[in-house]
Amino acid sequence: MHLKGKHALVTGSTSGIGLGIAEGLAKEGVNLVLNGFGDADAIEALRDRLARQYAVQVIYDGADMSQGTEIARMMAEVAAKTGGIDILVNNAGIQHVSPVEDFPEAKWDAILAINLSSAFHTTKAAMPYAQPTKRFVSVEQIAATTLFLCSDAAASITGSHIAVEGGWVAQ
């Protein structure tokens, strides 16, 4: 992979899957913007550990992913500090399990805001930096995707559609 020196924002990256993604990117030399909830001291220790362990720049922004205005602020500040992001991973998400008749409406609204609307807001704000290539896909790119899908790293990807199309569909 040729990721060294790129900048990535991973939402929901202070724990769980998001942290795993962030750490994987840092191992490849990607500078990070972490985002998520948690204890301020623990997040600072995490930020410092990733920066030292992988020799990458690591910024933390605690933007509330349910608020479009906070997402826009975060993206503007990140762009000012880094020149923009190359990689956006919309990972933030919450869940709540309850029978529908007992499901709190405020919880429903929060789930939609964080799990759905935040991806729209971050993608929209990232577009000036993370534009789709709109280039025709090369044979080598298809081969690389196929090799990945045949690897152990992709063992849990089954029956999924993988769009390798340079961003044409997004436009």
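Dipole magnitude for the chain: about 720 debye, using +1 per Lys or Arg Cβ and -1 per Asp or Glu Cβ, origin at the Cα centre. The ellipsoid equivalent to the alpha-carbon distribution of the stretch 41-127 has semi-axes of 29, 17, 10 angstrom, derived from the gyration tensor eigenvalues as √(5λ) and listed largest first. Put simply, the convex hull of the Cα atoms in the chain casts, on average, a shadow of 12.0 nm². Close amide H partners of G12, meaning residues 5 or more places away or on another chain with modelled amide H under 5 Å apart, are N35, G36, A92. Since only A92, M74, G36 are under comparison, the one whose Cα sits farthest along the positive direction of the charge dipole of the chain, derived from C-beta charges on Lys, Arg, Asp and Glu, is M74.
Across the stretch 94-101, coupling constants 3J(HN,Hα) worked out from phi with the 6.51/-1.76/1.60 Karplus curve, θ = phi - 60°, read 10, 9, 8, 10, 6, x, 4, 5 Hz, and Gly and Pro carry x.
Only helical runs count toward this figure. For the chain, summing -39,500 (n - 2.57) over DSSP H runs of n ≥ 4 and dividing by all residues gives -13000 deg cm²/dmol at 222 nm. Straight-line reach from K134: taking Cα to Cα under 19 Å and skipping same-chain neighbours fewer than 8 places apart, the aspartates and glutamates in range are D86, E165. For the set V30, V100, V164, solvent exposure ranked by accessible area (probe 1.4 Å, protein chains only) runs largest to smallest as V100, V164, V30. Of R47, R73, the order by accessible heavy-atom surface (1.4 Å probe, DNA, RNA and ligands excluded), from most exposed downward, is R73, R47. Sequence-ordered 3J(HN,Hα) estimates for the stretch 31-42 from the Karplus curve with 6.51, -1.76 and 1.60 and θ = phi - 60° stand at 6, 10, 10, 8, 8, x, 8, x, 5, 4, 5, 5 Hz, glycine and proline given as x.
Using C-alpha pairs under 8 Å with a sequence gap of at least 6, the mean separation divided by the residue count of the chain gives a relative contact order of 20 percent.
The values are calculated or read from the model by the stated rules, or taken from the named source; none is laboratory data. Bear in mind that the values here come from a model prediction, so they are computed numbers and not experimental data. Here the Cβ is made from the backbone with ideal geometry for all residues, glycine too, and neighbour counts use every protein chain on show. Quick note on the areas: whole protein, heavy atoms, side chains included, nothing else; ligands and nucleic acids left out. Shrake-Rupley method; radii C 1.70, N 1.55, O 1.52, S 1.80 Å.
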